[in-house]
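The values are calculated or read from the model by the stated rules, or taken from the named source; none is laboratory data. Just so we're clear, the structure is a prediction, and the values are computed from it rather than from any experiment. Cβ: placed from backbone, ideal geometry, glycine included. Neighbour counts: every protein chain shown.
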Amino acid sequence: MRLGLPLLALLALLGLGAVADAQQLEFKRTILTGDERLSYRWRDHEQREFSTVFTLTRQVVRTAESSFRDFSLEAMWRVIEADMREEIDRSARGSLCAAPATASAGTSRRATSRPPMSWAPD
């Protein structure tokens, strides 16, 4: 997983003290033959109202539960740390070095050398 620019943007926003402000006006959860229909209504910091409605199918919920069961917070932090170290190394080298070659179209060299986030150490 490649975090790079999105992670740096998030860290910059956190560092600048960006604050999100919204007021939840309504939440509904309706069970429809095993599927879940969720609706939200909220007001943003400029007092504009928004709403959204979506359905989570029974299969999507099962898949998400399985994903959460296999998730490893420690592995996630290792991935983030490795990505940050790589970004720091790349910044330190500046533009004198070319970007690393890819193993195949659309796949970075590093992506094949580390376990997936669901991997847990012994």
- Item | Flag if LEU11 is surrounded by 10 or more Cβ atoms within 10 Å (Cβ to Cβ) and modelled with pLDDT under 85 | yes
- Please identify the pairs in which a residue from the stretch 31-53 that is in contact (Cβ under 8 Å) with a residue 12 or more places away in the chain has its Cβ atom under 7 Å from the Cβ atom of a residue that is hydroxyl-bearing (Ser, Thr, Tyr) and part of a loop (DSSP other than H, G, I, E, B), counting only partners at least 6 apart or on another chain. ASP35/THR57
